Amino acid sequence: MRKAISNGMNFWKELEKPFLALAPMEDVTDAAFRSVIAKYSKKHGGKYVTFTEFTSADGLEFACLRAPHRQADEKGKEKLLAKFRFGENERPIVAQIFSATPEYMKNAASLAKELGFDGVDINMGCPDKSVEKQGAGAALIKNYKLAQELILAAKDGAGDLPVSVKTRVGYDSNQLSEWLPALLEVAPAAITLHARTRKELSKVPANWEYIRDAVKIRDSLGSSTLIIGNGDVRDVAHARERAKESGADGVMIGRGMFGNPWTMSDYTPSLEEKLWVLIEHTQLFEKEFKNIKSFATMRKHFSSYVEGFRGAKELRMQLMECENAAQVKEVLKSHLS
Ligand SMILES: Cc1cc2nc3c(=O)[nH]c(=O)nc-3n(C[C@H](O)[C@H](O)[C@H](O)COP(=O)(O)O)c2cc1C
């Protein structure tokens, strides 16, 4: 069994405040991208908590835990477990899970412990229809009782690993004054609050006043749960500002990472460095996910890395035609010395 960094300690308690967290982003912050982020941000002094992409506890239950030897499940199992791959340099790392079934949540949390994660996070903010239809993700903001049961079940399965929650401020409107106390009642180690409602998706600017209110509510209840603010944060300097204004213990960055694995540090890369790292990222993606993920998943990264300079549009168009890492290297080589 792989050992967590914490060795029985709650790593959240050891973090220097305000700390940074790398947002879970399905098909973006996969093991390949996270690996380049860890390499290049940490090389320049970056420190942060890593979250995996969200993973279905129900999927894990049926593809891995209940049917470990069934041939038909091999592909599904490989795909799901690929989401839980990580390198030692990514620690502290938290496995993000979604479900509406406490029993499956418990089992998935216990699998995360076995795999050596440092914590377990429950997604209670995803607006995806297929997730909400199961009663999971943002649908839990309408079901406080089940949300509490899921946290308790995860704690049960995770043993000494800390359990956290990532959610939004409300479903159709601001529900912080009821939703937050309901979560705090079962004492998760940390709550990441995306400063928007479910209804707002990502269509309006994140409202960091909500984060300040959340910190006040937490303090008024005497809770020791950490509050992590999230929404529209560009870089480390911006994160520090947001933490200061809101009083949040930590700040999570998502889309600010696109095309810039150095974002978790203060370093500003040159265009040449970015393009070399894009080659490395693409090669790593191919190595990690051959036969698991379509190479097309890399395309969103091409548009993020290659922007803001003369000829970027033409270069992006050439990259979009590529079908493997060797072709990407060939195309980019003409721009590199
Ligand atoms: C492509 C994409 C995938 C995402 N996948 C997840 C996910 O798996 N789990 C989760 O909790 N949030 C997910 N999110 C939400 C982000 O973690 C974050 O809350 C949101 O992007 C707001 O932060 P930002 O403005 O810093 O990007 C995703 C967001 C994006 C853009």
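Worth a mention:
- Nearest-20 debye value, region 1-131 charge dipole, Cβ charges on Lys, Arg, Asp, Glu: 400 debye
- Vicinal HN-Hα couplings computed from phi for region 266-275 (Karplus, 6.51 cos²θ - 1.76 cosθ + 1.60; Hz; Gly/Pro x): 8, 6, 10, x, 7, 4, 4, 4, 4, 5
- Amide H to amide H distances under 5 Å link Asp121 with Ala95, Gln96, Ile97, Ser164, where only residues 5 or more positions off or on other chains count and H is placed in the peptide plane.
- Ranking of Leu319, Leu80 by neighbouring Cβ atoms within 10 Å, starting from the fewest: Leu80, Leu319.
- A Förster distance of 35 Å, applied to the separation of the beta-carbon atoms of Asn291 and Glu14, puts the FRET efficiency at 0.35.
- Each residue of region 130-143 was assigned a 3J(HN,Hα) from its phi angle through the Karplus expression (A = 6.51, B = -1.76, C = 1.60, θ = phi - 60°), giving 5, 6, 5, 4, 7, x, 9, x, 5, 4, 5, 5, 9, 9 Hz with x at Gly and Pro.
- Look at the dipole of region 11-257 built from charges on Cβ: of Trp208, Tyr144, Val36, the Cα furthest out on the positive end belongs to Val36.
- Among Ile191, Ile292, the order by Cβ neighbours within 10 angstrom, fewest to most, reads Ile292, Ile191.
- Label separation (Lys333 vs Leu271): 2.1 nm, computed from points 7 Å beyond Cα along the C-beta direction.
- Glu241-Lys75 FRET efficiency (beta carbon distance; Förster radius 45 Å; 0.05 resolution): 0.50
- Using the Karplus relation 6.51 cos²θ - 1.76 cosθ + 1.60 with θ = phi - 60°, the per-residue 3J(HN,Hα) values for region 84-89 come to 9, 7, 7, x, 4, 6 Hz, with x marking Gly and Pro.
- Student exercise, region 271-333 dipole from Lys, Arg, Asp, Glu Cβ charges, in Debye to nearest 20: 140 debye
- Per residue convex hull volume, Cα atoms of region 141-243, in Å³: 105 Å³
- Each Lys or Arg adds one and each Asp or Glu takes one away; over the other residues whose Cβ falls under 13 Å from the Cβ of Asp235, this sums to +1.
- Once you divide the Cα radius of gyration of region 104-181 by 2.2 N^0.38 Å, the number left is 1.11.
- Annotation: amide H-H contacts under 5 Å for Gly170 (H modelled 1.01 Å from N, sequence separation of 5 or more, or interchain): Gln175, Arg198.
- Cα centroid separation, region 201-234 to region 259-312 (Å): 31 Å
- What you get for the chain, charging only the Cβ of Lys and Arg (+1) and of Asp and Glu (-1), is a dipole of about 260 debye around the Cα centre.
- Counted charge near Gln327, where neighbours are those whose Cβ lies closer than 12 Å (Asp, Glu -1; Lys, Arg +1): -2
- The modelled label-to-label distance between Glu307 and Lys203, using points 7 Å beyond Cα along the C-beta direction, is 2.1 nm.
- Region 271-333: Cα Rg divided by the 2.2 N^0.38 Å rule of thumb: 1.03
- Taking amide hydrogens as placed 1.01 Å from N in the peptide plane, the amide H of Phe51 sits under 5 Å from those of Leu22, Val94, each at least 5 positions away in sequence or on another chain.
- Surrounding net charge for Ala23, when Lys and Arg each add one and Asp and Glu each subtract one, Cβ distance under 9 Å: +2
- The mean of 1/r over all pairs of different alpha-carbon atoms in the chain, once inverted, gives a Kirkwood hydrodynamic radius of 20.5 Å.
Bear in mind that the values in this text are calculations on the coordinates, not laboratory data. Note that the structure is a prediction, hence the values are computed from the model and not measured. Cβ: placed from backbone, ideal geometry, glycine included. Neighbour counts: every protein chain shown.
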